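Input: a single structure, listed below in structure tokens.
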Amino acid sequence: MAETTAAPNAGQNTSRRVKFVITRQDTPETKPYTEEFDLPYRPGMNVISALMEIQRNPVNAEGGSTAPVCWESNCLEEVCGACSMVINGKPRQACSALVDQLEQPVRIAPMSTFPVVRDLVIDRSRMFNALKKVKAWIPIDGTYDLGAGPRMPEKKRQWAYELSKCMTCGVCLQACPNVNDKTDFIGPAALSQVRLFNAHPTGEMNADDRLDMLMEGSDGIEGCGNSQNCVRACPKGIPLTTSIAELNKQTTKRMFKRWFAQ
Amino acid sequence: MKGYYARKVHSLLGLIPISLFLIEHAITNFAAYEGGPEGFRDAVRLLNDLPLVFFLELFAIWLPLLFHGVYGLYIAYQAQPNLGHFKTERNWRFVMQRITGVIAFIFIIWHVYTTRFQITLGNTTHDELGGWMHNIVTQPGFFVFFLVGVIATTFHFANGVWAFFVSWGITVGPRAQRISSYICLGLFVVVTAMFLMSLFAFRSAEFADTASVITTTLHTMIG
């Protein structure tokens, strides 16, 4: 890790400081509180490098020693989704949040739609459970060689690829006004994955199973209220609202089919 | 009823019959602007000459409204608005759809009580409705409540039609949803204008003549 003094222009920057206001929480049960940090500015710094600085020197703005702020991160290039948090009110990845582009003081909070484990660490289990529920995979195993599947048209592959960029980061659920303690709504991410796997020529063979999952219980596609925040917030630019509307069409057809064909 | 089907019924009832009735209501009221007391009375008579009018009202207005309203309150309760961080037009409409829904719910209960229910009670008749309306809307407080209630209802109607097209998978892509926004905005402007013109028509002096007879009754009814 680079030392602060190693930067060639460190001298001219030592005076510049960046203020961070971080929402912290010691355990899943305790109440959240805010703590301020006053960090030395470094060119090109992002929210992760700021958190690393706090980890290296865990002193708050009042000069008191404190426990280092906990967070999660992996790839540091906005493809894994682990470092999602609320930065200046917007849910996004901390690794791609450059301090130079942020209003100061920088306010950081956990994505509290999810259970908070500690500080900025959240439990995104519900997203992975949602993928299991909607069967977001393509069954290809048999007791014998099933052979090659049908080919996917190139045009379809191009838009389906966009849907496959989802990294299950949880930003769309945090942005959605209908994902909260009062509803069971499964959220935009898993819905879009249903569209992806139903578009696949082999996955299509189980399309009805996935649609049925969106139409039973109280957590299905009907939870969408068309605020369309998800599509604005998605860091990968996935057309989530188009996916939801397309699935509205698919589930509507499925509903009539179940009524009249049985 | 399971979540998906309850919501689908809610959405369908919003369009058929409630939205269709609202448009019909606007057309009937517009007769007050176009034809004055005579025109309005004929328009009301035309409706009440429909066969099985009680069952039409029951199954095409009251029961659908009751389900749509009560289930709608539950939907409004479930939302956790976050306009502070997402000030987009669609998010505004999401919040407004819920607020106007609650306003419309209260307004419609009051409106049905002060008009249709008074006919049931025998305090007024279908033929005297124009004068009855004149007495209500000439009171500033009630008139303002009418303006707010009508605009909230027509917004909820127009935005609800837009959402219906999304919820049933008719407008799928962003372009289709944008164009349907413009169409629904046009619908909002036209229907709101028709209601407001009829409201102002009810305030005019020509409706006062029929009103004088029943003024006393009304004042004892709603103060």
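The values are calculated or read from the model by the stated rules, or taken from the named source; none is laboratory data. Computed from a predicted model, the values in this text were never measured in an experiment. Here Cβ is always computed from backbone atoms with ideal geometry, including for glycine, and neighbour counts include all displayed protein chains. Quick note on the areas: whole protein, heavy atoms, side chains included, nothing else; ligands and nucleic acids left out. Shrake-Rupley method; radii C 1.70, N 1.55, O 1.52, S 1.80 Å.
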Residues satisfying the stated conditions in region B:22-36, i.e. surrounded by 20 or more Cβ atoms within 10 Å (Cβ to Cβ) and without any contact (Cβ under 8 Å) to a residue 12 or more places away in the chain
none
What are the residues in region B:37-56 that are in contact (Cβ under 8 Å) with a residue 24 or more places away in the chain, surrounded by 14 or more Cβ atoms within 10 Å (Cβ to Cβ) and out of contact with any His (no Cβ under 6 Å at 6 or more places or on another chain), if any?
B:PRO37, B:PHE40, B:ARG41
Over region B:154-178, the set of residues touching a Gly at 6+ places or on another chain (Cβ under 9 Å) and crowded, with 21+ Cβ neighbours inside 10 Å is B:HIS156, B:PHE157, B:ALA158, B:GLY160, B:ALA163
Quick one: which residue in A:LEU51, A:LEU39 is at pLDDT 95 or above and not in a strand (DSSP E or B)?
A:LEU51
Let me confirm something: among A:GLU222, A:GLU216, A:GLU162, which residue is of a type outside the set (Lys, Arg) and modelled with pLDDT under 95?
A:GLU216
When region A:160-192 is checked residue by residue, the ones that are open to solvent by 20 Å² or more (accessible area, probe 1.4 Å), free of Cβ contacts under 8 Å to residues at least 60 places away in the same chain and part of a helix (DSSP H, G or I) are A:TYR161
Which count do you get for residues in region B:1-21 that are hydroxyl-bearing (Ser, Thr, Tyr) and open to solvent by 30 Å² or more (accessible area, probe 1.4 Å)?
1
Is it the case, given these coordinates, that A:LEU51 is surrounded by 13 or more Cβ atoms within 10 Å (Cβ to Cβ), touching a Phe, Trp or Tyr at 6+ places or on another chain (Cβ under 7 Å) and touching a residue at least 40 places away in the same chain (Cβ under 8 Å)?
yes
Mind counting the residues in region A:245-254 that are in contact with a helix residue (DSSP H, G or I) (Cβ under 7 Å, 6 or more places away or on another chain) and at the interface with chain B (Cβ under 8 Å from one of its Cβ atoms)?
6
Could you tell me whether A:GLY220 is crowded, with 22+ Cβ neighbours inside 10 Å and either aliphatic (A, V, I, L, M) or more than 13 Å from chain B (Cβ to nearest Cβ) (or both)?
no
Checklist (1) surrounded by 19 or more Cβ atoms within 10 Å (Cβ to Cβ); (2) without any contact (Cβ under 8 Å) to a residue 24 or more places away in the chain applied to A:ILE122, failing item
(2)
